[in-house]
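Enquirer: My questions all concern the structure below.
The values are calculated or read from the model by the stated rules, or taken from the named source; none is laboratory data. What you see is a predicted model, and the numbers here were worked out from it, not measured in a lab. Virtual Cβ from ideal backbone geometry, glycine too; neighbours counted across all protein chains shown.
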Amino acid sequence: MSEGETHQLVLLPGDGIGPEVIKAAETVLCTARDYLRREGIELSWEARPIGGAAIEAAGKPLPDETLFAAQAAKAVLLGAVGGPQWDRLAPHERPEAGLVSLRRALSVYANLRPAALLPGLEGRSPLRPGHVQGLDVLLVRELTGGVYFGEPRARSGERPDRRAVDTMAYAEGEIRRVAHVAFRSARRRQGRLTSVDKRNVLETSRLWREVVEDVAKEYPDVSVEHQLVDSMAMLLVLRPQMFDVVLTENMFGDILSDELGGVVGSLGVMASASLGDEGPGLYEPVHGSAPDIAGKDVANPLGAILSLAMLAEHSLDLPLLARAIEGAVKEVLRQGLRTRDIAEKRQGEQVIGTREMGERVADALAQDLHSRQALNATYF
Ligand code: NAD
């Protein structure tokens, strides 16, 4: 990103705690915008409805206006969708269908989910400290193929003979492109990649492994191993520190990434980026709409704020801003500030709400950026 550019973002708050965590991320975004402006870089954004909010406002979970705005944007930051009030709708009418359609429409086939222990939160992991010390995994999940999209997909028959079918399908090109994303990520990290499949049972997994081995030849500097998904589920609990980049297909990735969320002990701080070859990236915290705590100002907005950092890195090409946002999050944690979900009631900790957490991170970011300016350096 260079001087004189204006970049348009779209915020999709969604449902439940989505609007609360996106509001907190927006507070941080405002601070970033003010400083970027001094560097000649303009950021602007607009909010649009998706999910249940869009069903109420426009009768469907992904209105055309929302889709067009997202497609025209540089990047999209989403909160979460869903809630019990829409659970009885047909699958294609539900809030979640809006999100799945958006991912598909933006062709964001690679979902990046970093899982690391944030400083001060080590005690949140249910695993013994020795098992999680140094844990730093990047899960790369294929996002637009596999059993969530395969056809046929249907139900038939009447009780007691009802049947249902889903289809897991992968084309070679779908595997190849996400494998490249994972290998490139491994190159920028520790140079180790673990590809996860179910080759002993599934045809799609046999193809998956063949294609990953092909792609591996183009990355001789990255070491590759393969794991079966069942054994991987166990290893992520037994020895999560042994992994660097983990590559897997859509459904296995869905399950393993939640397991990683459990291992780091705080769903609320996990961020994600969904990327394609071109067009906007889609950034969202890993958690859902958490209806049980919605509207109470207790949700943890750090996952949304760290998703904003990923947006700065991957869509705005501002890695230093990304590091500054991550640094601001670490700083508020160092100060002992916690939302309720990550509080351990230790001395020196102060429990604060969603809104205040956003403000504190924005303050820490402003202080960091200000001190950099005082050094008279150009950082972006
Ligand atoms: P969830 O992630 O919403 O909540 C699981 C648990 O974690 C709840 O106890 C919740 O209070 C807590 N939690 C989640 N995020 C938190 C945060 N930021 N701060 C503090 N606590 C947090 O998962 P769920 O309860 O299985 O699903 C609720 C709804 O969200 C459903 O309608 C589901 O379909 C939807 N969902 C949406 C997405 C998405 O939009 N990407 C992802 C998962 C689930």
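Enquirer: Checking ASP317 against (1) assigned to a loop (DSSP other than H, G, I, E, B); (2) within 15 Å of the ligand (Cβ to nearest atom); (3) over 12 Å from the mean Cα position of the chain (by Cα); (4) not hydrophobic (A, V, I, L, M, F, W, C): exactly one of these is not met. Which one?
Expert: Going through (1) assigned to a loop (DSSP other than H, G, I, E, B); (2) within 15 Å of the ligand (Cβ to nearest atom); (3) over 12 Å from the mean Cα position of the chain (by Cα); (4) not hydrophobic (A, V, I, L, M, F, W, C) one by one, ASP317 breaks only (2).
Enquirer: So is MET357 in contact with a Ser or Thr (Cβ under 7 Å, 6 or more places away or on another chain), assigned to a helix (DSSP H, G or I) and at pLDDT 95 or above or not?
Expert: Yes; evaluated as a whole, the condition is true for this residue.
Enquirer: Here's something else I'd like to know. With respect to GLY40, determine if the residue is more than 12 Å from the ligand (Cβ to nearest atom) and part of a loop (DSSP other than H, G, I, E, B).
Expert: yes
Enquirer: Could you tell me which of the residues VAL263, VAL211 is surrounded by 14 or more Cβ atoms within 10 Å (Cβ to Cβ) and over 21 Å from the mean Cα position of the chain (by Cα)? Reasoning before the result, please.
Expert: Working: VAL263 fails: over 21 Å from the mean Cα position of the chain (by Cα).
Going through VAL263, VAL211 in turn, just one is surrounded by 14 or more Cβ atoms within 10 Å (Cβ to Cβ) and over 21 Å from the mean Cα position of the chain (by Cα): VAL211.
Enquirer: Specify which of the listed residues (SER289, SER315) is touching a residue at least 12 places away in the same chain (Cβ under 8 Å), under 15 Å from LEU29 (Cα atoms), assigned by TED's automatic domain parsing to the domain that holds HIS7 and among the hydroxyl-bearing types (Ser, Thr, Tyr).
Expert: Criteria check complete, one pass: SER315.
Enquirer: State which residue is surrounded by the most Cβ atoms within 10 Å (Cβ to Cβ) when the search covers only region 292-302 and only residues that are touching a residue at least 40 places away in the same chain (Cβ under 8 Å) and within 6 Å of the ligand (Cβ to nearest atom).
Expert: Taking the candidates together, the pick is ALA299.
Enquirer: Counting just the residues of region 276-291 that are of a type in the set (Gly, Ala, Ser) and more than 17 Å from ALA53 (Cβ to Cβ), which one comes out surrounded by the most Cβ atoms within 10 Å (Cβ to Cβ)?
Expert: It comes out as GLY281.
Enquirer: Answer yes or no as to whether ALA24 is in a helix (DSSP H, G or I), over 22 Å from SER371 (Cα atoms) and touching a Leu at 6+ places or on another chain (Cβ under 9 Å). Reasoning before the result, please.
Expert: Numbers: in a helix (DSSP H, G or I): yes; over 22 Å from SER371 (Cα atoms): yes; touching a Leu at 6+ places or on another chain (Cβ under 9 Å): yes.
Against the criterion (in a helix (DSSP H, G or I), over 22 Å from SER371 (Cα atoms) and touching a Leu at 6+ places or on another chain (Cβ under 9 Å)), ALA24 qualifies.
Enquirer: Next question, about the same structure. Please state which of the following conditions LEU112 fails to meet, knowing it meets all the rest: (1) modelled with pLDDT of 95 or more; (2) surrounded by fewer than 20 Cβ atoms within 10 Å (Cβ to Cβ); (3) touching a Ser or Thr at 6+ places or on another chain (Cβ under 9 Å).
Expert: Of everything listed in (1) modelled with pLDDT of 95 or more; (2) surrounded by fewer than 20 Cβ atoms within 10 Å (Cβ to Cβ); (3) touching a Ser or Thr at 6+ places or on another chain (Cβ under 9 Å), LEU112 misses just condition (2).
Enquirer: Right, next: Determine if region 66-87 includes at least one residue that is of a type outside the set (Val, Ile, Thr) and free of Cβ contacts under 8 Å to residues at least 12 places away in the same chain.
Expert: Start the filter on region 66-87 by keeping residues that are of a type outside the set (Val, Ile, Thr), which leaves 67-75, 77-80, 82-87.
With the extra rule that they be free of Cβ contacts under 8 Å to residues at least 12 places away in the same chain, the set shrinks to 68, 87.
Checking region 66-87: at least one residue is of a type outside the set (Val, Ile, Thr) and free of Cβ contacts under 8 Å to residues at least 12 places away in the same chain.
Enquirer: Still on this model: Could you count how many residues in region 79-102 are under 16 Å from the mean Cα position of the chain (by Cα) and more than 7 Å from the ligand (Cβ to nearest atom)?
Expert: Residues flagged as under 16 Å from the mean Cα position of the chain (by Cα) and more than 7 Å from the ligand (Cβ to nearest atom) within region 79-102 amount to 3.
Enquirer: Among the residues of region 34-49, are any crowded, with 21+ Cβ neighbours inside 10 Å and closer than 21 Å to GLU356 by Cβ?
Expert: Looking through region 34-49, none of the residues is crowded, with 21+ Cβ neighbours inside 10 Å and closer than 21 Å to GLU356 by Cβ.
Enquirer: Taking only region 155-172 into account, find how many residues are assigned to a loop (DSSP other than H, G, I, E, B) and closer than 29 Å to ARG141 by Cα.
Expert: The number of residues fulfilling the criteria is 4.
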